[in-house]
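The values are calculated or read from the model by the stated rules, or taken from the named source; none is laboratory data. Note that the structure is predicted; figures quoted are calculated from it, not measured. For neighbour counting, all protein chains shown are included, and Cβ atoms are generated from backbone atoms with ideal geometry for every residue, glycine included. For the accessible areas, the whole protein counts, side chains as well, though only heavy atoms, and no ligand, DNA or RNA atoms are used. Shrake-Rupley method; radii C 1.70, N 1.55, O 1.52, S 1.80 Å.
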Amino acid sequence: MARAKGKIRIVPVILSGGAGTRLWPLSRETAPKPSMPLPDGETLLAKTAARALALPGVEEFVTVTNREYYFHTRDAYGGLHGAAAMRMSFLLEPFGRNTGPAVALAALWAEAAIAKDAVLLVLPADHLVRNQRAFASAVAQAARIAATGKLVTFGIAPERAETGFGYIECGDKVAKSKPPAFRARRFVEKPPLARAKRYVAAGNYVWNSGMFCFTPAAIVDAFARHAPDVLAAVRPAANALSSPEKGPMLEIDAKLFDPAPNISLDYAVMEKAAKAGQVVVVRGAFDWNDIGSWQAVADLAPADAQGNHGQGERVAIGTRRTYVNAGDRLVATVGVEDLVIVDTADAVLVAHRDHLQRVKDVVGELKARGHDSYRLHKTVARPWGAYTVLQEGPGFKIKRIEVKSGAALSLQLHHRRSEHWVVVAGLAKVTRDDEIFEVAANGSTYIPVETRHRLENPGKEPLVMIEVQCGDYLGEDDIVRYDDRYGRAQG
């Protein structure tokens, strides 16, 4: 792609993954924090992409995410202004290996497919920044420095002594223009409160935002120096990726990616590179929030005179400093203080504000019990639409299924369950072994065990149907896919 002489080519790299366990029950493993709607109805993922697209001169961007999140991610980008004109690439991980391997993979791919001297702007998908002008100014400063071969990170002026964030100690100033940039002396892990207070008082410490800027050549060289094991483990998977001209979906081979260690970019490279004098920190003047707890979400909603705030239908009697996120039901609070209450279709969280960091322990307990609510919502998004579990018990499960116009489920088979389908709205096109037929609203059909079948929506309106499953095992893993337009077939 041609560009003006001297113009820095900025390519945003959005990292979208992580379970967001401290934001359960809205954040689940299959619908993590970046896809969780905020009080304004938008998601952090969409906000991050919009922030990147609004930067001057950006013509393409890359997203590193899990294979299972691809279709939701693509849909989130679809409604953004200017997205249609962008060249998008998706590096799809079969499983997470933290930010170190993700960045190494993106850099190796960009070095080969884009340009060694392009400037990669690495943005986590779960951060909130609302001051676009100040953000763009900081990016422009970082890009100028990164173009010289330095590794650049963004520091945030601390507003308080925060124990939940890492810090960066700033050394000598390296850029006179605003925003200021300094040599990064060292990265500091999340400190105890007394030490955090000393950092704030010292004036030369900033919060570590987890956002970075560097050329592919510079970060690949830094991996080679400071984390050669990560680079060696990731390179075969990067080499196997196709070029962007072959399509936006670039699936990472699971066997090739498996040796990659689970390590953050900070641990793998940035901390060591800072000691070697290779890291510059731009002190941004923009607002920044990593939405790391329910308190951070609560602060986004306006409060009443008693300090109560939230979303959904609520009644507060004798209630103070309480946040309520009401889902499908009215939530009433009486005579309580300092609580966070989050109500969803299948789970309710009630926590004291002083213990919100321990919400992740609930997720750990649910995992230990094998309870699906750590992983799935009652309504589960799929590339073709969504399904909602209405009721289940021994030997049966009832679902509401909605299929988008023109979409289709895979051609599939179940070994241990039959399915009864009743069409509520729209038109269903059904494949059942060698039969192909349509079922209109108020009609029904039956899919026996061990029968190949497919459901499609040939109409312009959403297809809504009720599915009743019967069998001795009703898990989602009892499925064999023979053909699938979303790349999920077993072969």
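Each residue of region 257-264 was assigned a 3J(HN,Hα) from its phi angle through the Karplus expression (A = 6.51, B = -1.76, C = 1.60, θ = phi - 60°), giving 8, 4, x, 4, x, 8, 8, 7 Hz with x at Gly and Pro. Distance between Cα centroids, region 392-455 to region 320-378: provide it in whole Å. The distance from the Cα centre of region 392-455 to that of region 320-378 comes to 34 Å. Relative to the compact-globule estimate of 2.2 N^0.38 Å, the Cα radius of gyration of region 54-156 comes out at 1.11. Ignoring ligands, DNA and RNA, what percent of the accessible area of the chain is carbon or sulfur (1.4 Å)? Answer for the chain is 51 percent, counting heavy atoms of protein chains only.
Scanning the chain for chymotrypsin sites (Phe, Trp or Tyr not before Pro) that sit in a DSSP loop and have at most 14 other Cβ atoms within 10 Å, the longest stretch containing none of them is 96-472. Across region 184-311, C-alpha contacts under 8 Å between residues 6 or more apart give a mean separation that, scaled by the residue count, equals a relative contact order of 28 percent.
Here is the list for region 364-437: trypsin sites (Lys or Arg not before Pro) lying in DSSP coil, each with at most 14 other C-beta atoms within 10 angstrom of its C-beta, are R416.
Between amide H atoms placed 1.01 Å from N, distances below 5 Å from G17 occur with A125, all of them 5 or more places distant or on a separate chain. The string of couplings for region 424-434 from the Karplus curve (6.51, -1.76, 1.60, θ = phi - 60°) is 9, 8, x, 10, 9, 9, 10, 9, 9, 6, 8 Hz, one whole number per residue in order, with x for Gly and Pro. Evaluated with a Cβ-only charge set (Lys, Arg +1; Asp, Glu -1), region 58-158 carries a dipole of roughly 260 debye about its Cα centre, given to the nearest 20.
Computed from Cα positions, the angle between helix 132-146 and the longest principal axis of the chain comes to roughly 60 degrees.
Step through the table entries K150/K272; K360/K397; K33/K197, compare each Cα-Cα distance with 19 Å, and write down the pairs that go over it. Among K150/K272; K360/K397; K33/K197, the Cα-Cα distance tops 19 Å for K360/K397; K33/K197.
Restricting the GluC sites (Glu not before Pro) of region 362-462 to loop positions (DSSP other than H, G, I, E, B) with no more than 14 neighbouring Cβ atoms within 10 Å leaves E450. Across the chain the C-alpha pair distances fall into 10 Å bins from zero in the proportions 4, 17, 26, 25, 17, 9, 2, 0 percent. Computed from backbone phi, the HN-Hα couplings of region 354-363 come to 6, 10, 5, 5, 8, 4, 4, 5, 5, 4 Hz, rounded to whole numbers (Karplus: 6.51 cos²θ - 1.76 cosθ + 1.60, θ = phi - 60°; Gly and Pro given as x). Annotation note: GluC sites (Glu not before Pro) in region 248-325 located in DSSP loop regions with a Cβ neighbour count of at most 14 within 10 Å are E313. Counting only lysines at least 8 places from K7 when in the same chain, those with an alpha carbon closer than 17 Å to its own are K116.
Semi-axes of the equivalent ellipsoid for region 97-194, computed as √(5λ) from the eigenvalues of its C-alpha gyration tensor and ordered from largest down, come to 25, 18, 14 Å. Summed over the residues of region 142-249 and divided among them, the accessible surface reaches 46 Å² per residue at a probe radius of 1.4 Å. For G459, the amide hydrogen comes within under 5 Å of the amide hydrogens of G406, L427, counting only partners 5 or more places away or on other chains and with H modelled in the peptide plane. Legend: residues R485, R353, sorted from most to least accessible area (1.4 Å probe; ligands, DNA and RNA excluded), read R485, R353.
Treating only the Cα positions of region 444-491 as identical point scatterers, give the base-10 log of I(q)/I(0) from the Debye formula at each q in 0.13, 0.30 Å⁻¹. Scattering profile of region 444-491, log10 relative to I(0): -0.41, -1.30.
Give, to the nearest whole percent, the P(r) tail of region 388-438 beyond 13 angstrom, counting all Cα pairs. Here the tail beyond 13 Å accounts for 70 percent of pairs. Look at the alpha carbon pairs under 8 Å that are at least 6 residues apart: their mean separation over the length of the chain gives a relative contact order of 14 percent. For K255, the aspartates and glutamates whose Cα falls under 13 Å of its own Cα, not counting residues fewer than eight places away in the same chain, are E93.
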